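**Student:** One structure, as structure tokens, below. Some questions next.
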Amino acid sequence: MARDKDEAINSYITDMLSLEEHIGKAVKAQLEDLEDYPEVTRDLRQISRKGDQHVSDLKELSDRRKARGASDAIKRAGSALLGLGAAAVDLVRTEGLPKNLRDDYTAFSLATIGYVMLHTTALSLDEREVAELARQHFADYAQAVTLLHNLIPGAVVRFLREEGLPVRENVLPEISQTIEQIWRSQSDQAPRADETSVAR
């Protein structure tokens, strides 16, 4: 049986709420294990606070939609996206700082595209309030992913140095430049949405 538009939107809200809660638990557990890296935990705490706000925003949105009589109230059952989140962020961190941050990057990227999908669904179904909230959360995670682009190379170098390897820290500016150049070139080459539309 075909879903109505409330059910379509609510399924994405459910996914994002479950994923946000899982990421939040994982990052908080990680912060406890990274006391020796204050420059990293400072940024992760900021991201964690935004994640907490996202959870609160999504719950309030759900309540408002329910009060307006939106069908199929948000269900808290496990979702496929939550399973992906569990794979992306392991609560038991034993691989060292760089791989922990790699897992964070994976989880934040998953949240980013999840919010793009929620934004698209809501906007295409003329649900402006949901679309705007998804846009705001998408922007937060896009910022987090960009931050990790710049944070991870330094974490890798530090970790290698702590293992006694003869690292050259002076390569970090070159790495940052490479990352920026590649992302800029991809942005310049990317086709516009109207050029890749699959709508029929």
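The values are calculated or read from the model by the stated rules, or taken from the named source; none is laboratory data. All values derive from a computational prediction rather than experimental measurement. Ideal geometry is used to build each Cβ from the backbone, glycine not excepted, and the neighbour counts take in all protein chains shown. Surface areas here come from the heavy atoms of the whole protein model, side chains and all, with no ligands, DNA or RNA. Shrake-Rupley method; radii C 1.70, N 1.55, O 1.52, S 1.80 Å.
**Student:** If I filter the range 88-111 for residues that are under 27 Å from Gln30 (Cα atoms), acidic (Asp, Glu), open to solvent by 40 Å² or more (accessible area, probe 1.4 Å) and at pLDDT 90 or above, do I get at least one hit?
**Tutor:** The answer is no, given that none of the residues of the range 88-111 is under 27 Å from Gln30 (Cα atoms), acidic (Asp, Glu), open to solvent by 40 Å² or more (accessible area, probe 1.4 Å) and at pLDDT 90 or above.
**Student:** So, of the residues in the range 140-180 that are touching a helix residue (DSSP H, G or I) at 6+ places or on another chain (Cβ under 9 Å) and among the hydroxyl-bearing types (Ser, Thr, Tyr), which turns out to be most open to solvent (accessible area, probe 1.4 Å)?
**Tutor:** Per the stated criteria, the residue is Thr146.
**Student:** Look through the range 114-170, keep the residues that are among the basic types (Lys, Arg) and in a helix (DSSP H, G or I), and return whichever of them is nearest to Asp103 (Cα to Cα).
**Tutor:** Of the range 114-170, the ones among the basic types (Lys, Arg) are 128, 135, 158, 161, 168.
Imposing the further condition that a residue be in a helix (DSSP H, G or I) reduces the set to 128, 135, 158, 161.
Numbers: Arg128: 32, Arg135: 23, Arg158: 18, Arg161: 21 Å.
This residue is Arg158.
**Student:** Taking into account only those residues within the range 115-139 that are β-branched (Val, Ile, Thr) and touching a residue at least 40 places away in the same chain (Cβ under 8 Å), which is least open to solvent (accessible area, probe 1.4 Å)?
**Tutor:** So in the range 115-139, the residues β-branched (Val, Ile, Thr) come out as 116, 120-121, 130.
Still in the list and also touching a residue at least 40 places away in the same chain (Cβ under 8 Å): 121, 130.
Details: Thr121: 23, Val130: 1 Å².
Among them, the one singled out is Val130.
**Student:** Is it true that His22 is touching a residue at least 24 places away in the same chain (Cβ under 8 Å), in a helix (DSSP H, G or I) and open to solvent by 30 Å² or more (accessible area, probe 1.4 Å)? Show your work before the answer.
**Tutor:** Values: touching a residue at least 24 places away in the same chain (Cβ under 8 Å): yes; in a helix (DSSP H, G or I): yes; open to solvent by 30 Å² or more (accessible area, probe 1.4 Å): yes.
The answer is yes for His22.
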